[in-house]
Amino acid sequence: MALFLLFIFGTLIGSFLNVVILRLPKGENLGGRSYCTHCRHTLSFWDLFPILSFIFLRGRCRYCQTRISLRYFIIEFCTGLLFAASLWLVWPTNLIEVILLIKYCLFAAVLLAVFVIDWEHFLILDQIVFPSLAAIIVLNFCLDLLAHRLPNILGGNFISGLLAAVALALPFFSIWYFSKGQWMGFGDVKLALLLGAALGLGKTLVGFLLAAILGGLVSSLLLIFSNKTMKSKLPFGTFLSAGSLIALFYGDILLRWYLRLLGF
């Protein structure tokens, strides 16, 4: 029942993510009623119920019958799954684990939004990254205080997260700076700060390696099956988000497996 309820809550957050993904890249305000992007008709409550509205409306606007993008359904469903998976990963029995669950759910939702926006617009937005980074830092600090660890101890979430953020962002900044933005956008540098703060150094490295592998695979497929060339741009933030999501849930397992291969 707890998994189901958190899945439902996740779909509600997914519905909000759809608004974020639609409006922020256009510079629109997140306030105000939702509307059909085709006929501009204001949508009612029953038009906005996550997942079920899409099914009952058969994927079409109630007012103009224009087909609704399947993306809305997918984002709501995926957010619900990510929230339920976070609960499965951290089944809270105390306040520390409740805060950890909140951190995982927040991070997963942010990564999903970054994944879609960067893929569609080649943008990693400050309005998403910086508030999320601040929230993650505060949650890390709270986790350390509740665990009776002073924030200046390197093993704590707060300091280790900051160190990981800097450790990941510096190489990204160097690539951006020396290539003058040709090889990497500055948005990836800012995203690296968030990833390091949320995952810590070990999982961050796993996420980065997974992002590089995923990026290489997708690039190869696009070169073979589409009109992309070696000079075509790819949104690396999308792959960083995907790799970091995998690292969030399986980073420890993958890191231990890799270290065993190296003989450690």
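Quick look at the values:
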| item | result |
| --- | --- |
| Pairwise FRET efficiency - LEU255 versus HIS148, Cβ, R0 = 25 Å, nearest 0.05 | 0.40 |
| Computed FRET value (nearest 0.05) for TRP183 with PHE264, which takes r as the C-beta separation and R₀ as 35 Å | 0.65 |
| Distance between modelled label sites at ASP126 and VAL218, nm, 7 Å Cα→Cβ extension | 2.5 nm |
| Spherically averaged projected area in nm², based on the convex hull that wraps the Cα atoms of the range 80-147 | 4.9 nm² |
| Highest-first arrangement of 196-202, 142-148, 114-120, where packing means the average Cβ count within 10 Å | 196-202, 114-120, 142-148 |
| Sum of -39500 (n - 2.57) over DSSP H runs of 4+, divided by residues of the chain (222 nm, nearest 500) | -24500 deg cm²/dmol |
| Inter-label distance for LYS233 and LEU3, nm, one decimal - labels placed 7 Å from Cα along Cα-to-Cβ | 4.1 nm |
| Rounded, prolate or oblate (a/c below 1.5 giving rounded, otherwise prolate when a/b exceeds b/c) for the chain by Cα gyration tensor | oblate |
| Hypothetical label at LEU201: residues of the range 167-182 whose amide nitrogen lies under 17 Å (7 Å Cα-Cβ projection) | 167-172 |
| Over the range 1-89, relative contact order from alpha-carbon pairs under 8 Å, at least 6 apart, % | 46 percent |
| Proximal charge balance of SER44 [Cβ under 11 Å; K/R count +1, D/E count -1] | +1 |
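All of the numbers you see were taken from the coordinates with simple rules; none came from a lab. Not measured: the values here are computed from a predicted model. Don't worry about glycine lacking a Cβ; one is built from the backbone with ideal geometry, like all the others, and counts go over all protein chains shown.
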